[in-house]
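Visitor: Handing you a structure now.
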Amino acid sequence: MTGNTIELSARLSLVASFVRPGETAADIGTDHGYIPIHLVQSGVSPRALAMDVVPGPLERAEQHIRRYGLSDRIETRLSNGFEKMVPGETDTCVIAGMGGPLEEKIIGEGWDCVRKLKHLILSPQSDIMEFRRFLHRKGLVIVREKMVKDAGKYYTVMDTELREDGEMPAEDSIYLRFGACLIREKDPVFREYLEKEKQVSLQILAGLEKQDSGRGRARAEELREYLAAIKEAEHEMQ
Ligand code: SAM
């Protein structure tokens, strides 16, 4: 397969597109290794690090890297988060495809490396509002964010930088809940995501309103708040 061009899914393409040309990149939790392979093969990154904490996925990444003839420019490392990385070793780091709490843990524990990065590209797949709060607390400012739909699911990708001018949005703010960049840039996929969220929430709410339990009422109230936030975001994007 040497010489063939790797084809990425829509989600991985968006993640990779956030890496700036000329920057070296580390991919934490690389699994298949497709992001570093694409970055080096396309000439975006002169070299890359592919890291994973589990030997099986790392071996799979190694096989793919060999198959594409890139072993001289992509190094693999068995590493728990940033553990086996030296601060300043790469310009950019990608952490994608994990739950928000795990990405938070990796960032927190690898802070010596994180503070030396030019950019940290993140794609958490759960607990995203709490994840935004965490980024603000750490001074990691989201400078770009885009959403992508891949195989029927929505994913967000954040480009972050350590800065001192980041302002924490108010606790009940739609910026904290949904992301200021997605709203301000009127991201078309995010708009579609809001519409889907609205329809699903309305359907659940209709069911809950027929019930009469304390838990049901509390959940219904949460959904009403969520729907109000969706409405506010949609209004802002008009
Ligand atoms: N990043 C790829 C993507 O977005 O398609 C792969 C995502 S895959 C679902 C998650 C990978 O992260 C797995 O290969 C897992 O072994 C790895 N992983 C989980 N915890 C990790 C940690 N603490 N450090 C490094 N890798 C980790």
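Visitor: Let me spell it out: the conditions are (1) touching a residue at least 24 places away in the same chain (Cβ under 8 Å); (2) more than 20 Å from the chain's Cα centre (by Cα); (3) not in a loop (DSSP other than H, G, I, E, B), and Arg215 meets all of them except one. Which number is the exception?
Guide: Of the numbered conditions (1) touching a residue at least 24 places away in the same chain (Cβ under 8 Å); (2) more than 20 Å from the chain's Cα centre (by Cα); (3) not in a loop (DSSP other than H, G, I, E, B), the odd one out for Arg215 is (1).
Visitor: Same structure again: Restricted to region 60-80, and to residues that are within 11 Å of the ligand (Cβ to nearest atom) and in contact with a strand residue (DSSP E or B) (Cβ under 6 Å, 6 or more places away or on another chain), which residue is farthest from Leu162 (Cα to Cα)?
Guide: Ala61
Visitor: While we're here: Using beta carbons and a limit of 6 Å, which pairs, at least six apart or on different chains, have the first residue in region 198-212 and over 20 Å from Lys231 (Cα atoms) and the second one acidic (Asp, Glu) and in a helix (DSSP H, G or I)?
Guide: none
Visitor: Let me ask something additional. In region 151-181, how many are surrounded by 13 or more Cβ atoms within 10 Å (Cβ to Cβ) and either out of contact with any helix residue (DSSP H, G or I) (no Cβ under 8 Å at 6 or more places or on another chain) or at positive phi (or both)? Before the answer, list the steps.
Guide: Initial filter on region 151-181 (surrounded by 13 or more Cβ atoms within 10 Å (Cβ to Cβ)): 154-162, 166, 168-169, 173-181.
Next cut, either out of contact with any helix residue (DSSP H, G or I) (no Cβ under 8 Å at 6 or more places or on another chain) or at positive phi (or both) only: 159, 161, 173, 179-181.
Qualifying residue count for the region: 6.
Visitor: Right, another one. Sort out which residues of region 199-228 are closer than 30 Å to Val141 by Cα and in contact with an Asp or Glu (Cβ under 8 Å, 6 or more places away or on another chain), and write them in order of number.
Guide: Tyr226
Visitor: Assuming Ala180 fulfils every condition listed in (1) under 22 Å from the mean Cα position of the chain (by Cα); (2) more than 30 Å from Glu109 (Cα to Cα) apart from one, which condition is it?
Guide: Of (1) under 22 Å from the mean Cα position of the chain (by Cα); (2) more than 30 Å from Glu109 (Cα to Cα), only one is false for Ala180: (2).
Visitor: Is region 126-143 home to any residue that is within 23 Å of Glu197 (Cβ to Cβ) and within 13 Å of the ligand (Cβ to nearest atom)?
Guide: Yes, region 126-143 contains at least one residue that is within 23 Å of Glu197 (Cβ to Cβ) and within 13 Å of the ligand (Cβ to nearest atom).
Visitor: Provide a single number: the residues in region 10-56 that are acidic (Asp, Glu), buried (at least 23 other Cβ atoms within 10 Å of the Cβ) and in contact (Cβ under 8 Å) with a residue 40 or more places away in the chain.
Guide: Residues meeting the conditions: 1.
Visitor: Tell me which residues, restricted to region 45-59, are near the ligand (Cβ under 9 Å from one of its atoms) and in contact with a helix residue (DSSP H, G or I) (Cβ under 9 Å, 6 or more places away or on another chain).
Guide: Met51, Asp52
Visitor: Let me ask something else. Considering only region 81-102, how many residues are farther than 18 Å from Val15 by Cα, more than 10 Å from the ligand (Cβ to nearest atom) and surrounded by 15 or more Cβ atoms within 10 Å (Cβ to Cβ)?
Guide: The total comes to 2.
Visitor: Considering only region 183-192, state which residues are in a helix (DSSP H, G or I) and either more than 11 Å from Glu234 (Cα to Cα) or of a type in the set (D, E, K, R) (or both).
Guide: Arg184, Pro188, Val189, Arg191, Glu192 - these are the residues of region 183-192 that are in a helix (DSSP H, G or I) and either more than 11 Å from Glu234 (Cα to Cα) or of a type in the set (D, E, K, R) (or both).
Visitor: Still on this structure: When Tyr34 is evaluated against the numbered criteria (1) in the same structural domain as Thr156 (by TED's automatic domain parsing); (2) more than 20 Å from the chain's Cα centre (by Cα), which criterion, by number, is the only one it fails?
Guide: That leaves (2) as the condition not met.
Visitor: To continue, here is another question. Just name the residue that is farthest from Val15 (Cα to Cα) out of those in region 149-197 that are small (Gly, Ala, Ser) and in contact (Cβ under 8 Å) with a residue 24 or more places away in the chain. Working first, answer last.
Guide: Restricting attention to region 149-197, the residues satisfying the condition of being small (Gly, Ala, Ser) are 151-152, 166, 170, 173, 179-180.
Imposing the further condition that a residue be in contact (Cβ under 8 Å) with a residue 24 or more places away in the chain reduces the set to 151, 166, 179-180.
On the way: Ala151: 16, Gly166: 23, Gly179: 17, Ala180: 18 Å.
The selected residue is Gly166.
The values are calculated or read from the model by the stated rules, or taken from the named source; none is laboratory data. Not measured: the values here are computed from a predicted model. All Cβ positions, glycine included, derive from the backbone under ideal geometry; neighbour counts span all protein chains shown.
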